[in-house]
Every structure is written in structure tokens, then in C-alpha cells.
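Input: a single structure, listed below in C-alpha cells.
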Amino acid sequence: MEKTIDRLMESYNKCGVTARIDSSLQPNRETIVNIIELLRKLIFPGFFEQKKLRKDFVKYYIGEILEEVKYNLEKQMKKAFICTGESSCDNEELDEKVNKISDEFFERLPKIRDLLELDVYAAYAGDPAAYSLDEIIYSYPGLYAIMVARIAHELYLLNVPLVPRIMTEHAHSITGIDIHPGATIGKHFFIDHGTGIVIGETTVIGDHVKIYQGVTLGGLSTSGGQSLKGVRRHPTIEDNVTIYSGASILGGETVIGEGSVIGGNAFIVASVKPNTRVTIKNPELRYQNMDKSIQTEELEQDEAWFYVI
């Protein structure tokens with residue numbers, strides 16, 4: 001045991017990037033997750049409380065939650081600015097800075113809520129397996145991931161370090177949906193099933209877009225590493241586009257035109273004109289009887305959508 005302790009101490013000294021000893025306090029992931037859950041109660045009041053939310057109490061309830069969120073959010077933002085070295089302010093100036101950011105963020109909450117209501121309707125309109133709007137709010141992982149992404153995106157736009165990414169990675173860990181907080185997402189957005197979806201930092205998604213599981217909206221190449229920071233790397237998806245499962249759309253110059261439909265498993269690295277249907281040639285299907293007495297039959301199809309929904 002003593003030898004292990006000594007070797008770990010040696011490792012801490014040698015590999016300082018992965019150790020934070022005698023340094024500023026780091027943001028607390030559990031506190032940030034709790035902020036998300038408090039904001040969810042504000043966005044969907046009456047859904048996630050432990051007891052009935054009475055109409056005559058709502059105003060006080062909102063004020064109570066906002067006070068708790070403000071205190072914890074400002075504390076976590078301050079830690080994030082200090083530990084990342086992204087603020088040269090003294091303590092008093094930094095307090096003023098995070099206070100101003102939190103006030104601006106709260107002003108954007110009604111807009112976030114309005115967008116999420118449209119996302120709920122998008123899910124209901126787009127999924128015949130949805131039996132009620134309540135079912136979507138309570139249980140759809142796509143809606144949860146979108147909610148967290150919309151919250152984190154506003155903090156990202158306010159230049160808050162670390163906290164937005166912790167938020168979206170929490171959503172990623174419980175839904176399997178990876179949305180970078182930098183991604184811009186329009187109105188009436190629907191993610192069906194969701195597992196395995198990746199939406200990169202500089203992605204721009206228009207209004208009334210529907211995406212199925214396994215879709216990647218990614219970069220064409222990341223071999224340039226940090227030299228690509230700030231460069232447009234991810235695609236633009238215009239309004240009224242549907243992207244079916246397993247499709248990969250890559251590159252900062254790639255634009256999927258309005259009204260297009262991208263079939264499952266398509267691999268796209270160039271722009272698609274508006275109102276275009278993109279499919280892939282069906283791989284050759286071979287059928288063989290297990291008793292080996294019947295010759296192999298082959299079936300060819302002109303094109304395949306690979307709907308997996």
C-alpha cells in the first residue's frame with residue numbers, strides 16, 4: 001500500500017495536467033447537474049415537483065428556484081473562470097461579471113421555454129408512438145438532450161467556460177446524445193430515439209428538422225487539432241430536413257438544402273440542393289438455404305432507405 005501511495009504521489013508531480021492539488025477549486029459536476037434539474041422545473045412547472053404546484057404559489061416558487069439557481073450558477077461560473085484562467089478580473093470584478101452573466105441568462109429563460117414547447121409539439125407530430133405531450137416531457141431522451149443543449153448554448157454564447165460543456169456531457173452520459181453547446185439549433189426540432197447522435201460545435205440546424213438515431217453532424221477531419229479552433233467544421237442543415245438513422249454529414253462547407261430527405265446510412269461530404277432525396281444503393285442481398293441443397297438466390301434493389309425507426 002505504501003509503495004502505491006508513493007508511486008501515485010510521483011505521478012501527480014509528473015503529470016500535473018491531470019491533477020489539481022493546491023490550485024483553485026474546480027466547478028462541481030453534481031451542483032451543475034442540480035442546476036439543470038432546477039431549471040427543468042422552471043421550464044416544465046408542475047411536472048417534476050414532489051407535490052402539487054398550486055397556481056397561487058407559482059410566483060413565489062419561481063422566485064425561490066431562481067434564487068437557488070443564481071447562487072449556485074454564479075459560484076460555479078466563478079470557479080470556471082478562475083480555474084481555466086479565462087478571467088483577469090480581481091475578485092470583486094469577477095463577482096460583478098458573473099452576476100451580470102447570470103442576469104442576462106435569466107432574461108433568456110422565457111425564450112428557451114418557448115423553444116422547448118415547440119420541440120414538444122415537434123416530437124408529438126413526428127412520432128406515432130407518442131400517446132400524449134406529457135409522455136414526451138416525462139420520458140423522451142431526445143427532449144431532455146435538447147433542453148440541456150438549449151440551456152448550455154445560451155451560457156456558451158455568454159462566453160462561460162467549462163459549465164456549458166459539463167451540462168451537455170451530463171445529458172450525453174444519460175441519453176447517448178452528444179450535442180456540443182456551441183451548436184445552433186432552430187425551432188421545432190425533433191430527435192427520435194436519439195442514441196448515438198453526434199452534433200458538433202459549429203453545426204447550424206434550421207427550423208422543423210427531424211433527426212433519427214445514429215446520425216453524425218461532424219467535422220470532415222480533425223487532424224489539425226487545436227489549429228482548427230474557431231474554424232467552421234460542421235455542416236449546415238436548412239429548414240424542413242429529415243435525416244434518417246446512421247447518416248453521416250460532414251464538413252463546414254456542407255449544406256443540406258431546405259426540404260431535403262437524407263436516407264439511412266448515407267455518407268455526405270458535399271452540399272445537397274434543396275428538396276433533394278438522398279439514398280444509397282442497396283448492398284447485394286444473398287439468401288442460402290441452411291441444408292445446402294438449394295443454390296444461393298440473389299436479390300438486387302435499386303435503392304434502399306434503411307429506415308430504422
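The values are calculated or read from the model by the stated rules, or taken from the named source; none is laboratory data. Worth saying up front: this structure is predicted, and the values here are computed from it rather than measured. With ideal geometry, Cβ positions are generated from the backbone for all residues, glycine too; neighbour counts draw on all protein chains shown. The area values use the complete protein model at the heavy-atom level, side chains included, leaving out ligands, DNA and RNA. Shrake-Rupley method; radii C 1.70, N 1.55, O 1.52, S 1.80 Å.
Looking only at residues of the range 129-168 that are among the acidic types (Asp, Glu) and surrounded by fewer than 17 Cβ atoms within 10 Å (Cβ to Cβ), we find that the one that is nearest to residue 99 (Cα to Cα) is 134.
With respect to (1) modelled with pLDDT of 95 or more; (2) not in a loop (DSSP other than H, G, I, E, B), the lone exception for residue 226 is condition (1). Of the residues making up the range 84-126, those that are over 16 Å from residue 69 (Cβ atoms) and open to solvent by less than 20 Å² (accessible area, probe 1.4 Å) are 94, 116, 119, 120, 122, 123, 126.
Once the range 170-219 is narrowed to residues that are assigned to a strand (DSSP E or B) and touching a helix residue (DSSP H, G or I) at 6+ places or on another chain (Cβ under 7 Å), the residue that is most open to solvent (accessible area, probe 1.4 Å) is 210. Could you please find all residues in the range 126-143 being within 20 Å of residue 244 (Cβ to Cβ) and either free of Cβ contacts under 8 Å to residues at least 12 places away in the same chain or not in a helix (DSSP H, G or I) (or both)? Within the range 126-143, 127, 128, 129, 130, 140 qualify. Scanning the range 49-74 for residues that are of a type in the set (Lys, Arg) and either touching a Pro at 6+ places or on another chain (Cβ under 9 Å) or within 12 Å of residue 38 (Cα to Cα) (or both) yields a single hit, 70. Scanning the range 16-49 for residues that are assigned to a helix (DSSP H, G or I) and among the basic types (Lys, Arg) returns 29, 40, 41. Close contacts from the range 94-108, counting a first residue that is in contact (Cβ under 8 Å) with a residue 24 or more places away in the chain and a second that is loosely packed, with under 13 Cβ neighbours inside 10 Å, with Cβ to Cβ under 9 Å and a gap of 6+ residues or different chains, come to 101/159.
Output yes when any residue across the range 76-85 is charged (D, E, K, R) and closer than 19 Å to residue 29 by Cβ, and no when none is. Among the residues of the range 76-85, at least one is charged (D, E, K, R) and closer than 19 Å to residue 29 by Cβ, which makes the answer yes.
Scanning the range 60-112 for residues that are of a type in the set (S, T, N, Q) and within 20 Å of residue 166 (Cβ to Cβ) gives 72, 76, 84, 87, 102.
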